[in-house]
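So the structure is just underneath, and the comments pick up after that.
The values are calculated or read from the model by the stated rules, or taken from the named source; none is laboratory data. Keep in mind it's a predicted model, so treat the numbers as computed, not measured. Ideal geometry is used to build each Cβ from the backbone, glycine not excepted, and the neighbour counts take in all protein chains shown.
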Amino acid sequence: MSSSEFEILKLAVRLDDQAAAVEEARRIISGHKIDWDDLFLRADMHSIKPQLAMLLSGMTETVVPAVFSEKIGDARRQNLYEQLSNVAEFFEIISMLREAGITAVPFKGFWLAHEYYGNLADREGVDIDLLIDYDDLDRVMELMPLRGYRLERSSDPGLVDKIKKESAELNFDRFEGDVRIFHVEFHWKIGSSFSGLDISLQELMPMTEMSMIQGRELLVFNASAGFLLALMHHAGKDPLIKLKQALDVGQMLAKEAEIDWDWVIGRARRYNIEKGVYIIVALASVLTGAEVPYVLRSRVETGQIRRLAEGRIKAMSLSPALWHKRGYGRGRLMFHLRTRTGFKIRARMIYDYLRAVIIGLVVPRAFLDYYLRKRYNITSRK
């Protein structure tokens, strides 16, 4: 049985009857002793502080402590400030890249908030995520320092070459003093070389279109490509363990008429993640109340898919102390083994998990941290 705090968070992501959700949240708060620190921590963990702020916004101090209302309201306002800053910085970066002949298309982040949530304040996001061609990566590495950016981890050529060969993204940070003000992730695919999620910008370019945000034009992915990328990130790279991920899909399903489901399923099948389409739609339906598209119902409304979706909700409900330990690690492996296809992909997942476990058992944490810090300026815990 999930906690009262998690039940409140589930109500915060409802899209179908928000007035009923508010009343149910009021009933839970009135009938249970709420751990407000735990509630905030869980909302932060699931990246839905804006939704919690909206759910509780009309409740009096006799229901919600004033200090909590102020704290969660401040978090939503801070998120709006960060998103507005990210949009402004995005256009500066895009302008610089365009002058160099580099195409970069945003996904996730502020664009999802603008296009599907309708308000930049309503989707948490701290990064600027851009999809680029791999061939443009070296030029990006030359240009980003011109705007004051540095590589997130280390400029060690050995590490950079390893990331370019085996990873899917190269990240840059910009600081003011000791405070990081921007974090930009350049992706040339969604997952590592071994994940099978190596869809490229070149393949997706036919699925782009021009759009507007704050009166300025930008190139974006259409609804079909946007859904596929969300699927790959939330259920392929990650283990579909955040309420925010279900909410993203719920918001997208509100515009499902714009999605070419044949194209999405065809691409998902090519990248060994077709079952993920049905699980993520089922999860969004259960948690947000979004309607399952008619063309998917026969494959979504099955016992197996429902059980997998229920398993994700159970993982989401874990306490903050257990969420990362069980939700990721072995939990990530088991979820992906149940949802991904392809022998090589599944075998590599098992290998990577066992390798990490063995290293953790054999190599002392202090020694590993010392080596990574000295060699690459990173630690074993990120």
Those residues of the range 105-122 which are touching an Asp or Glu at 6+ places or on another chain (Cβ under 8 Å) and of a type outside the set (Ser, Thr, Tyr) amount to Pro106, Phe107, Lys108, Gly109, Leu112, Ala113
- Determine whether Ser47 is surrounded by 13 or more Cβ atoms within 10 Å (Cβ to Cβ) and in contact (Cβ under 8 Å) with a residue 12 or more places away in the chain. yes
Among residues of the range 1-30 being small (Gly, Ala, Ser) and part of a helix (DSSP H, G or I), the residue surrounded by the fewest Cβ atoms within 10 Å (Cβ to Cβ) is Ala19
Residues of the range 353-368 being part of a helix (DSSP H, G or I) and surrounded by fewer than 15 Cβ atoms within 10 Å (Cβ to Cβ), in sequence order, are Leu354, Arg355, Ala356, Val357, Ile358, Ile359, Gly360, Leu361, Val362, Arg365, Ala366, Phe367
For Gly276, the lone unmet condition from (1) surrounded by fewer than 20 Cβ atoms within 10 Å (Cβ to Cβ); (2) assigned to a helix (DSSP H, G or I) is (1)
Kindly indicate whether any position in the range 39-49 is modelled with pLDDT of 95 or more, over 25 Å from the mean Cα position of the chain (by Cα), part of a helix (DSSP H, G or I) and under 25 Å from Val179 (Cα atoms). no
Screening Leu287, Leu318, Leu322 for residues that are among the aliphatic types (A, V, I, L, M), buried (at least 20 other Cβ atoms within 10 Å of the Cβ), at negative phi and without any contact (Cβ under 8 Å) to a residue 40 or more places away in the chain leaves only Leu318
Note on the range 94-140: residues more than 30 Å from Ile48 (Cα to Cα), surrounded by fewer than 21 Cβ atoms within 10 Å (Cβ to Cβ) and in contact (Cβ under 8 Å) with a residue 24 or more places away in the chain are Met96, Leu97, Ala100, Ile102, Thr103, Asp133, Tyr134, Asp136, Leu137, Arg139
